[in-house]
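What follows is a short report on a single structure.
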Amino acid sequence: MSSETQTSRNKVQLCMKGSTKDSGKWHVHRGGTFNRSIRLSRRTLSDAHLNRSVRGLSSSSGPRVCIVGGGPAGFYTAQQLLKARQDAAVDIYERLPVPFGLVRFGVAPDHPEVKNVINTFTQTAQHERCSFHGNVTVGKDVTIDELRQAYHAVVLSYGAEGNRSMGIPGEDLPGVFSAKDFVGWYNGLPSNKELHPDLSCETAVILGQGNVALDVARILLAPVEMLKETDITQNALETLVGSKVRRVLIVGRRGPLQIACTIKELREMVNLPDTRADMLPADFEGIAEALKDLPRPRKRLTELMMKAVKEGGDDKAKKCWGFRFFRSPVEVLAGADGKRATGIRLALNKLEGSGDSTRAEATGQLEDVDCGLIISSIGYKSIPIDPAVPFDPRRAIVPNEMGRVQDTAGLYCSGWVKRGPTGVIATTMNDSFDTARVLIQDMEAGKLDLSVNKPGAQVITALLQTRGVRTVLFSQWEKINAEEEKRGKSLGKPREKLLDVDEMLKIAWCQERV
């Protein structure tokens, strides 16, 4: 993504007639203090004028907080900070030109109600003490140390952009995808626009049994007529129209009582038109006896699975799906030419232990499943963003205590980079609110020196400009948004997402004044 974004910046320089690359100067002395010598061009002043929060920062003397990441964690953290401190100014920096992170790129297209939270995020972004700065790669375009010098506090909320590896032979073969990339493909993530999955096979295997796995299964099997009215990308829709996938197996290493999905997603699979459930009754032996001791949510989920096992569904249905429990992947199998995945070898497991400590142990038995599409949905993972930030490679998080980054005063984290890629949007909301409260407590306890006036976005924007990096303000994102809604309307959809960063930047920057 970073190389694609840099290419975009180089191309877009051609249409930035009013800007000059040398219109701002910013020097960092060895002692770590800033020396400002800024000459703003007309275009830079105009950009600042486009965003009320940038306009208002020059007169603010309260705490200035920088948030790295424009997804749910970032926006929820900003929301709580603005609410708690009437003098706080918050700047959100986002790698892409567009905001909202996984709400835009992770939520399934047939779940529009979940995306309504964008309305709340928009209100936050338009707050007079908040500003959004897209098209900025923190750790490359600007360092964490530079942000820490410009702000009283920096909050890392950049989520989990990496994929967890299965660690098995053959996982790099064509026909094997991570769920993160597959979801990004049908949701319009620019870095996944060239994915081109081959859906000419009859059977697909999804490894993992969480909500993302069920989202992927549902998209593969849903009637195209259902998807046509969503914001799924047009190229994904066209690929799905020609799909030959008729059977999806959703594989998990443990049993029905440990499945990670929620009842809402399971119910959607059970009720999917022209599709029936295909389960193995042996996987559910002894489950009925355990029902009485289960918490209510787990009990309802298990009862729905057992009902699906018993009823099966319409035998005339052309498509089917099913959970396969007690199985772990050990090898992706290639065809005779060795060039493509044609199957997967699974180890059969038995469970050891009880409760939360239940673990899967291999029995020594193996099972081969023929399939032409394999999607690994075993989890996302955060990645290091800057050498100055502590990082736990084993847990793939920034080590922290209640959101305070370990041994780094003034640095905080929220969301997946804080706790790992678990939970739903509401989980991230509560987690982000907690981090914001901790930050406020540190301000009030004097752990952050608010007596020093910090320059904030005014200086960082000038610094970025000297490096040839131009930000996308929220008002400029709204032009991208309007264009997507316009294109979607012509297709009978709520929006048609732009897939190309060049095109996003052109719309954001080159049509400002007619």
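The values are calculated or read from the model by the stated rules, or taken from the named source; none is laboratory data. Keep in mind that what you see is a predicted model, and the values were worked out from it rather than measured. In this analysis, Cβ positions are derived from the backbone assuming ideal geometry, glycine residues included, and neighbour counts consider all displayed protein chains. Heavy atoms of the whole protein, side chains included, go into the accessibility calculation; ligands, DNA and RNA do not. Shrake-Rupley method; radii C 1.70, N 1.55, O 1.52, S 1.80 Å.
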About its Cα centre, the range 445-514 carries a charge dipole, from +1 on Lys and Arg Cβ atoms and -1 on Asp and Glu Cβ atoms, whose size in debye to the nearest 20 is 80 debye
In whole angstrom, the spacing between the Cα centers of the range 412-477 and the range 80-128 equals 12 Å
Counting only protein heavy atoms with a 1.4 Å probe and every protein chain in place, the carbon and sulfur fraction of the accessible surface of the chain in whole percent equals 49 percent
Once the mean of 1/r over all distinct C-alpha pairs in the chain is inverted, the Kirkwood radius in Å reads 24.6 Å
Per the Kirkwood formula over distinct C-alpha pairs, the hydrodynamic radius of the range 431-473 in angstrom is 12.8 Å
note: the range 59-104, Cα-Cα separations exceeding 13 Å make up a percent value of 53 percent
In the neighbourhood of Lys381 defined by beta carbon distances under 10 Å, the net charge of the other residues (Lys, Arg +1; Asp, Glu -1) is +2
Percent relative contact order for the chain, counting Cα pairs under 8 Å at least six residues apart, stands at 23 percent
Probe 1.4 Å, heavy atoms of protein chains only: per residue, the accessible area of the range 105-238 in Å² is 33 Å²
Sparse-neighbourhood loop hits (trypsin sites (Lys or Arg not before Pro), the range 353-444; DSSP loop; Cβ within 10 Å at most 16 others) -> Arg394, Arg395
Taking every other residue with Cβ under 11 Å from the Cβ of Leu82 and scoring Lys and Arg +1, Asp and Glu -1, one gets +1
For the range 97-103, Karplus-derived ³J(HN,Hα) couplings (6.51, -1.76, 1.60; θ = phi - 60°; whole Hz; x for glycine and proline) come out as x, 10, x, 5, x, 5, 5
Length gained, Leu351-Gln406, 0.36 nm per residue minus C-alpha separation, equals 16.1 nm
For Val142, the net charge from surrounding residues (Cβ-Cβ under 10 Å; K, R +1; D, E -1) works out to -2
The extension gain from Arg359 to Lys339, computed as 0.36 nm times the residue separation minus the Cα-Cα distance, is 3.8 nm
In nm, the gap between the two label points placed 7 Å beyond Cα toward Cβ at Val330 and Asp172 is 2.3 nm
Plugging the Cβ-Cβ distance of Lys292 and Ala482 into 1/(1 + (r/R0)^6) at R0 = 56 Å yields, to the nearest 0.05, a FRET efficiency of 0.50
Computed over the chain: longest principal axis from alpha-carbon atoms vs helix 72-84 long axis, angle to nearest 10 degrees, is 50 degrees
